[in-house]
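The block underneath contains the structure these notes are about, expressed in structure tokens.
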Amino acid sequence: MDSWHVRVKERGKDELYRARIVIGADGVETMVGRWAGLDTRVPARDMESCAQYVLQGINFNPDAIYLQFSNAIAPGGYAWIFPKAVGVANVGLGLVALKTNGRNAREYLDAWIARRFPNAARTGYTVGGVIVHTTIKQTYADGVMIAGGCGAYDQSTLGGRDRQRDEGGPAGRPRRGSRDLRRRHERAALVDVS
């Protein structure tokens, strides 16, 4: 394929873009991968359901990250505290829904925060899915590759964005067609940024 045509509704009007390479970075439910004919289905056992608050007014060491592994707190997953500033942190958890007693990630998170930081102010909230096992066998097609969450790379210990940045850098450099794209992408998938 010489190029892809991507139609985007932008600022209230339709725009048409042409690209030799399209990089799908549209998350775990990627549409780009499906449009390219890639099998991007992920079994529920390989997904974690995640919830996170930005909490203010909490006491912790801002020079450390905290990870807590407990089936009572996050069945099949873990809880985290990622400092943003003194007294402010991303506080969340990821769990395997198939291992819970019917409660969702937010309910587990609310219970943990009520015990750990009962007086915290909640200033932001995020939910999402994280793929915790590489199940997608092919992450590229002619002129297309998928990266980050939609490429089924484990982001759960990185907060997601760092790994996507490290994968996206090599993905943006190919210039010689899909063979070079495949080689660069396979190398990027092997980068360990932990």
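Numbers below:
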quantity	calculated
Selection within region 62-86 - in a strand (DSSP E or B) and of a type in the set (D, E, K, R)	Lys84
Residue, farthest from Val42 (Cα to Cα), within region 1-31, restricted to residues that are surrounded by 11 or more Cβ atoms within 10 Å (Cβ to Cβ) and among the charged types (D, E, K, R)	Arg20
Residue in region 144-161 that is modelled with pLDDT under 50, among the basic types (Lys, Arg) and crowded, with 17+ Cβ neighbours inside 10 Å present	no
So Ala89, is it part of a strand (DSSP E or B) and either of a type outside the set (Val, Ile, Thr) or modelled with pLDDT of 85 or more (or both)	yes
Qualifying residue in region 115-122 (condition: closer than 16 Å to Gln68 by Cα and not in a loop (DSSP other than H, G, I, E, B))	yes
3 or more residues of a type in the set (A, V, I, L, M) and touching a residue at least 24 places away in the same chain (Cβ under 8 Å): qualifying strands (runs of 3 or more DSSP E) within region 1-61	47-56
Selection from region 47-91 of residues that are surrounded by fewer than 17 Cβ atoms within 10 Å (Cβ to Cβ) and charged (D, E, K, R)	Asp63, Lys84
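The values are calculated or read from the model by the stated rules, or taken from the named source; none is laboratory data. Worth saying up front: this structure is predicted, and the values here are computed from it rather than measured. Because the Cβ atoms are built from the backbone with ideal geometry, glycine has one as well, and the counts that use them run over all protein chains shown.
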